[in-house]
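Just below is one structure, and these are the notes that go with it.
Just so it is clear, none of the values below were taken in a lab; they were calculated from the coordinates. Everything quoted here is computed from the prediction, not taken from an experiment. In this analysis, Cβ positions are derived from the backbone assuming ideal geometry, glycine residues included, and neighbour counts consider all displayed protein chains.
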Amino acid sequence: MLHMPTPMLMTSFLWRFRGPLVLTVAVLASITSVSMAFKAGQEARARRVAEGQVAVLDKAINEPVVGLRDRLSACTADLGNAKTAVEAQNQAVDALKAEADARDARAREAVSAAQNRARTAERRVQALLQSSPREGETPCVAAERVIREQLG
């Protein structure tokens, strides 16, 4: 026949082994606390390392003159100056182009006018060369008459 432990028997069983049970619980509690302390130490070390990295990066960003923030400000100012210079240069180039275009137009008009005068003079020369002395005029008298007509 199999006996089932009664609550009283169970309590006496536990009472009899109370020393090893307490020791086991104490060992487990110690292991847990050591494990938690080790984990807290690792987290503190990781936090110190991260804080050191933050300090280095903060210095790289905010250090006067050589920090990234000041360098960015300087680059932004330089970019603004360069844009202003390029705009001024573009305006000067546009003005020079307009002036060159105006000179080109005046030169074309002057060439056209000179060509017209040359054609007119050529026609007059051809007319004079083709004209013959009037009746009774000698070539010298005819030349004097033509000169007076042309100059006069």
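General observations
- Residue-averaged [θ]222 nm for the chain, counting only DSSP H segments that reach four residues, each worth -39500 (n - 2.57): -31500 deg cm²/dmol
- Net charge of the neighbourhood of Val125, taken over other residues with C-beta under 13 Å away and scored Lys/Arg +1, Asp/Glu -1, is +3.
- Projected label points at Ser131 and Ala143, each 7 Å from Cα along the beta carbon direction, are separated by 1.5 nanometres.
- Based on the convex hull around the alpha carbon atoms, region 9-152 presents an average projected area of 25.0 nm².
- Over region 25-89, equivalent-ellipsoid semi-axes from the Cα gyration tensor in Å: 56, 9, 4
- Whole-number D in µm² s⁻¹ for region 47-119, Kirkwood Cα-pair radius fed into Stokes-Einstein, 4 °C, 1.567 mPa s: 74 µm²/s
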